[in-house]
1. Quick check on my filter: what residues within the range A:24-47 are open to solvent by 10 Å² or more (accessible area, probe 1.4 Å) and aliphatic (A, V, I, L, M)?
2. Restricting the first residue to the range A:52-81 and requiring it to be within 14 Å of chain B (Cβ to nearest Cβ) and closer than 21 Å to A:V192 by Cβ, which pairs with a second residue that is acidic (D, E) and open to solvent by less than 30 Å² (accessible area, probe 1.4 Å) meet a Cβ separation below 8 Å and a spacing of at least six or different chains?
3. Among the helices (runs of 4 or more DSSP H) confined wholly to the range B:40-123, which include 2 or more residues that are over 29 Å from B:T278 (Cβ atoms)?
4. Among the residues of the range A:16-33, write down those that are aliphatic (A, V, I, L, M), more than 12 Å from the chain's Cα centre (by Cα) and under 22 Å from A:K214 (Cα atoms).
5. Among the candidates B:L276, B:L293, B:L217, which residue alone is outside any helix (DSSP H, G or I), away from every other protein chain (no Cβ under 11 Å), touching a residue at least 60 places away in the same chain (Cβ under 8 Å) and buried (at least 22 other Cβ atoms within 10 Å of the Cβ)?
6. How many residues are within 19 Å of B:P116 (Cβ to Cβ) and either at pLDDT 95 or above or of a type outside the set (A, V, I, L, M, F, W, C) (or both) if we restrict to the range B:247-272?
7. Here are the criteria: (1) closer than 26 Å to B:L301 by Cα; (2) assigned to a helix (DSSP H, G or I); (3) at the interface with chain B (Cβ under 8 Å from one of its Cβ atoms); (4) touching a strand residue (DSSP E or B) at 6+ places or on another chain (Cβ under 9 Å). Tell me which single one A:L94 does not satisfy.
8. I want to confirm something. Restricting to the range A:118-143 and keeping residues that are of a type outside the set (K, R), open to solvent by 20 Å² or more (accessible area, probe 1.4 Å) and more than 18 Å from A:L184 (Cα to Cα), which single residue is farthest from the other protein chains (Cβ to nearest Cβ)?
Amino acid sequence: MELEVKNLSCGYLNRPVVSNVSLKMSTGESLCLLGPNGVGKTTFFKTILGLLKPRSGQIFLDGEDVSKWPRRKFAAKVGYVPQYHMPPFAFEVLDVVIMGRNAHLGSFASPGKKDRIIAEQVLDTLNISYLSKRVYTEISGGERQLVLIARALAQEPEFLVMDEPTASLDFGNQIKVLNQINQLATSGKVGVIMTTHYPDHAFYCASKVAVMGKGDTFVFGTPDEVITEAYLQEVYDVKVKIILVENGDVKRKVCVSAV
Amino acid sequence: MYVEIYADNIKRRCKVGGSLVSKDKILSSDKVKLQFLGLALVVLFFGSFLIGRYPVTPDNVFNILLAKLFSWPQTWTDDMETIIIQVRLPRILAALLVGAALATSGAAYQGMFRNPMVSPDILGVSAGASFGAVLAIMLSLDFFWIQLFAFAFGLLAVAVTYLASTKLSKNNDTMLVLVLAGIIVSMVFSSLVALVKYLADPFSKLPAITFWLMGGLSTISVEEVVMIVGPMLIGLIPLVLMRWKLNVMSFGDEEAQALGVNTGRLRSVIVLCATLMTASAVAVSGVIGLVGLIVPHLTRLVVGPNYKVLLPASMIIGGGFLLIVDNVSRTLWSVEIPLGILTSIIGAPIFMYLLLASRRGWTS
């Protein structure tokens with residue numbers, strides 16, 4: 001499936017945030033969205049998800065304009081992984097994951113055995129079956145982030161939209177979450193769109209990169225094309241060196257502060 | 001080697017089958033809990049007929065109730081039949097209905113507002129209904145009109161709240177604006193109630209108004225019970241059918257939308273249903289606080305937060321709780337203590353105790 005954003009401008013009533021953005025990606029690709037604080041990444045995401053109305057422009061799934069789609073139809077194609085937070089009630093983890101099945105249930109339906117099995121399979125895929133019976137409000141932040149990914153996967157979407165999936169996670173959990181994202185994208189079953197504050201993450205798990213810079217600039221391309229020392233300095237206003245690190249067979253670029 | 005493979009097989013079997021089986025157990029334990037609660041309610045229902053000044057035996061109760069359905073030889077006195085059918089039956093039914101309605105709408109509101117501190121009258125239905133009732137009393141209308149006024153003004157108050165909030169809210173602050181509008185509308189109607197009390201004749205009207213506001217079922221009749229069954233069912237059925245979506249809703253509007261819930265429509269349905277039920281409850285019983293707030297909590301301690309079970313369980317426990325309190329209210333002293341007062345006096349300590357005992361606080 002192909003997701004296309006065409007000349008999208010978004011923002012609030014009298015405060016435009018992002019204007020005239022176009023990008024295209026398909027299932028199996030992973031797109032990393034970079035940009036300094038306050039540049040409108042979250043607003044852009046919310047607009048793609050249909051939580052905010054676009055000021056202008058369209059979003060297409062396989063060439064179909066999604067603006068008229070009912071919520072449920074859209075949710076069956078695009079899943080959302082928000083930043084983790086506390087819900088007011090102490091749900092069981094499995095019950096939280098099963099909520100992802102809503103996109104496939106009618107207005108008066110509630111999940112049945114099939115939905116539970118799908119939820120359990122998703123937990124198994126992410127290697128967190130051991131959390132299934134635990135209480136969502138009592139597990140760690142990293143675990144909760146993985147549970148939210150599981151919930152989005154239970155939607156069986158073609159695309160996953162993740163808002164800073166590694167924010168406020170410790171070093172180990174960040175890498176675990178990134179590894180999962182990598183595996184999901186390379187499995188070819190979903191396309192991943194995520195925001196991050198670390199250009200390293202883009203080198204690590206993105207096939208495409210979009211950078212929203214200051215003054216309404218938008219650059220879209222492969223990580224190697226887009227993430228250069230000069231461009232990082234322009235966007236983030238700090239001196240950066242990009243080095244190639246070799247560890248056995250694995251070669252990867254990393255960014256280090258040049259100061 | 002063999003042992004290793006064997007152990008591995010067992011492990012795999014546990015992994016594949018294990019979690020499924022345990023979830024089935026959990027589900028069936030929820031079912032057992034609901035069945036147990038339902039059974040307890042049935043026992044309480046029949047037991048309540050035996051409570052009161054006029055002694056009747058369980059035999060009498062069954063025979064008299066069944067005689068209403070089948071033709072049955074009369075083995076009881078006419079007095080007994082009057083007591084059972086005219087006095088105790090409407091009261092018991094009304095207590096069940098009112099308790100169930102308040103608790104169910106409270107549970108639904110707590111999920112929708114994502115806040116366990118919310119009660120069904122947060123959007124102003126009680127204040128509106130109170131104003132309607134005291135206005136009708138002031139105008140010397142009869143009981144039927146008092147109820148109709150209470151019902152109509154309860155609906156009006158929530159309609160004003162809802163319309164104001166849709167006009168005022170921009171993107172994602174709907175809930176906050178809804179609560180704020182509810183507070184304002186409640187304040188206006190409370191002031192109007194105070195105004196009516198101030199203007200009312202202190203010897204004839206004021207006592208009647210005060211008595212109504214304290215809440216109670218002592219003057220209930222069969223016809224009144226019949227009158228509220230309809231609106232309560234209209235409110236109840238959609239909530240029961242859509243109860244699982246309340247789980248999704250409690251994660252907030254944006255997440256619920258991203259999970260495919262049409263939040264605007266669901267919210268309208270919940271507000272409409274909860275208002276219908278609460279307004280009909282207030283119309284027959286006056287203002288009975290606390291049930292809509294604490295019963296969903298108690299229920300959450302028993303069955304957990306999943307609305308699939310929580311909503312029907314709240315309904316049963318709410319009905320049972322109010323029935324017990326009403327039984328106490330009509331028998332404990334020779335002068336009847338108004339139900340609204342007794343509910344708070346009995347309910348608050350139980351609630352505090354359970355919160356302290358459970359140690360898991362609001363969120364469990």
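The values are calculated or read from the model by the stated rules, or taken from the named source; none is laboratory data. Here the structure is a predicted model, which is why all the values come from computation and not from measurement. Cβ atoms come from the backbone with ideal geometry, glycine included; neighbour counts cover every protein chain shown. Just the protein is used for accessible areas: all its heavy atoms, side chains included, with ligands, DNA and RNA removed. Shrake-Rupley method; radii C 1.70, N 1.55, O 1.52, S 1.80 Å.
1. A:V39
2. A:Y80/A:D163; A:Y80/B:E255; A:V81/A:D163
3. On the way: elements: B:58-67, B:78-81, B:89-112.
Per the criteria, B:58-67, B:78-81.
4. Selection gives A:V17, A:V18, A:V21, A:L23.
5. Only one candidate passes the filter, namely B:L217.
6. Qualifying residue count for the region: 6.
7. With (1) closer than 26 Å to B:L301 by Cα; (2) assigned to a helix (DSSP H, G or I); (3) at the interface with chain B (Cβ under 8 Å from one of its Cβ atoms); (4) touching a strand residue (DSSP E or B) at 6+ places or on another chain (Cβ under 9 Å) applied to A:L94, the lone miss is (4).
8. Filtering the range A:118-143 for residues that are of a type outside the set (K, R), open to solvent by 20 Å² or more (accessible area, probe 1.4 Å) and more than 18 Å from A:L184 (Cα to Cα), the one farthest from the other protein chains (Cβ to nearest Cβ) comes out as A:S140.
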